[in-house]
Amino acid sequence: MRVALVHDWLTGMRGGERVLEAMCALYPDADIHTLIHVPGSVGATIESHAIFASPLSRLPGAARHYRKLLPLFPWAAGRARLEGYDLVVSTSHAFAKGARVPPGTPHVCYCFTPMRYVWDQIDNYLGRGLLRTLASPLISALRRWDQRTSTPDRITRVIAISETVAARVRARWGREADVIAPPVDVARIQPDGRPPDPFFLLVGAFVPYKREDLAIEAFRGLDLELRVVGDGPLRAALEAGAPENVRFLGRVHDDELAQLYARCRALVYPQEEDFGIVAVEAQAAGRPVIAFGRGGATETVVDADDAAPGDATGLFFHDPTPAALRAALQRFEVAEKGFDSATIRRHAERFSTERFLNEMRAALDTTRAAVSGVSS
């Protein structure tokens, strides 16, 4: 069986690329098609596959400035050569699901979210001022493209990463989506059994919807330490204005991140997330999560206000403001001793990679059988 995996872009190992890595384990001989490929930017498992990038990937500066090519991505997505495959799986938060798949070939879209910067997160990306006005024609065009390429004749089956995303798929595409939570490598991340060190942890990508700015401002003036892992377009500006009790660590190796999870008092999670692999990773280390109580976190974190004693894995704040997060930090200091590391760890194990592979294999086999009339 020839399988094509279609992914938006390969420029670093983030949550979407962890999902693609798991799909590569499921189909070790699959070809990968993508818009932009920066060789060496993703793990060896992905790089070992045959990777076919769009013509945009050969443009000078595309590796660093690919986001500026946004208006060209719909055109590039339609140029992928997908003839001769028995199954196409797109792992998509934007353009991968728009690849043209030949009639009769089953196409399953594993949807991270409908394009967030033209739908649900548009205010975070463009605000409500002049930039939003100037971008309006492009936004309208991308919304039409997003809906046009999401119809049943283009995508056989939609699988969403969370109930939150399934609701967005229903609202934006008019499609029903099954839900399979993404894989989290909980075996790699373990509690260390010691009392935590006196710092809180934030793992960011420094793009607008991740709301690192909210967390940094919440810690201003507090006698608490926040360590920030990650890099991205907004890092330099946020680091320049950050208070002294906020330390920026940049990109760290997976092993170091696992240690930071295990040693922190809690993970600070200020964004509305589609699912939230980072929140599950912190819980795999037995650490609680202080999360914005909307989106994927409501499906991965058990809020102390709603749980029986000893069953909570974190607590929520419900207004996306520094003041609300500060209040949550104060509540956490009172409730901290009530969190049980073993309970939190067991909760995270529900999202294991093995569970994902079993559920995804069954879903893809049944879809292919229904379309192609083959036995799974």
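The values are calculated or read from the model by the stated rules, or taken from the named source; none is laboratory data. These numbers were taken from a predicted model, which means no experiment stands behind them. Counting neighbours? That spans all protein chains shown, and the Cβs are built from the backbone with ideal geometry, glycine included.
Structural remarks
- So residue 335, is it surrounded by 14 or more Cβ atoms within 10 Å (Cβ to Cβ), at pLDDT below 95 and closer than 30 Å to residue 220 by Cα: yes
- The residue that is farthest from residue 365 (Cα to Cα), among those in region 157-193 that are part of a loop (DSSP other than H, G, I, E, B) and touching a Ser or Thr at 6+ places or on another chain (Cβ under 6 Å), is 191.
- The single condition among (1) in contact with an Asp or Glu (Cβ under 7 Å, 6 or more places away or on another chain); (2) at positive phi that residue 93 does not satisfy is (2).
- Check on residue 172, within 21 Å of residue 21 (Cα to Cα), of a type in the set (Lys, Arg) and outside the structural domain of residue 327 (by TED's automatic domain parsing): no
- The set of residues from region 274-293 being closer than 15 Å to residue 212 by Cα and touching a residue at least 60 places away in the same chain (Cβ under 8 Å) comprises 278, 290, 292.
- Of all residues in region 128-147, exactly one satisfies the criterion of being over 14 Å from residue 70 (Cβ atoms) and touching a residue at least 12 places away in the same chain (Cβ under 8 Å), namely 147.
- Criterion violated by residue 320 - all others in (1) part of a helix (DSSP H, G or I); (2) in contact (Cβ under 8 Å) with a residue 24 or more places away in the chain satisfied: (1)
- Residue selected from region 284-312 under the condition surrounded by fewer than 20 Cβ atoms within 10 Å (Cβ to Cβ) and charged (D, E, K, R), by the criterion farthest from residue 196 (Cα to Cα): 294
- Summed over region 108-128, the residues that are under 16 Å from residue 179 (Cα atoms) and outside any loop (DSSP other than H, G, I, E, B) give a count of 4.
- Unique residue being closer than 27 Å to residue 112 by Cβ and not hydrophobic (A, V, I, L, M, F, W, C) when the list is 223, 255: 255
Condition check ((1) in contact with a Cys (Cβ under 8 Å, 6 or more places away or on another chain); (2) assigned to a loop (DSSP other than H, G, I, E, B); (3) not assigned by TED's automatic domain parsing to the domain that holds residue 161) across all residues:
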site	(1), (2), (3)
260	no, no, yes
275	no, yes, yes
281	no, no, yes
287	yes, yes, yes
299	no, no, yes
332	no, no, yes
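- In the set 181, 166, 171, only one residue is at pLDDT 95 or above, more than 30 Å from residue 256 (Cα to Cα), under 15 Å from the mean Cα position of the chain (by Cα) and small (Gly, Ala, Ser); that residue is 166.
- All conditions but one from (1) modelled with pLDDT under 95; (2) under 30 Å from residue 108 (Cα atoms); (3) among the acidic types (Asp, Glu) apply to residue 311; the one that does not is (2).
- Flag for residue 365 being free of Cβ contacts under 8 Å to residues at least 24 places away in the same chain and buried (at least 16 other Cβ atoms within 10 Å of the Cβ): no
- Residues of region 226-271 classified as under 24 Å from residue 121 (Cα atoms) and crowded, with 23+ Cβ neighbours inside 10 Å, total: 6
- Residues that are out of contact with any Asp or Glu (no Cβ under 9 Å at 6 or more places or on another chain), at pLDDT 95 or above and of a type in the set (A, V, I, L, M), drawn from region 197-213: 201
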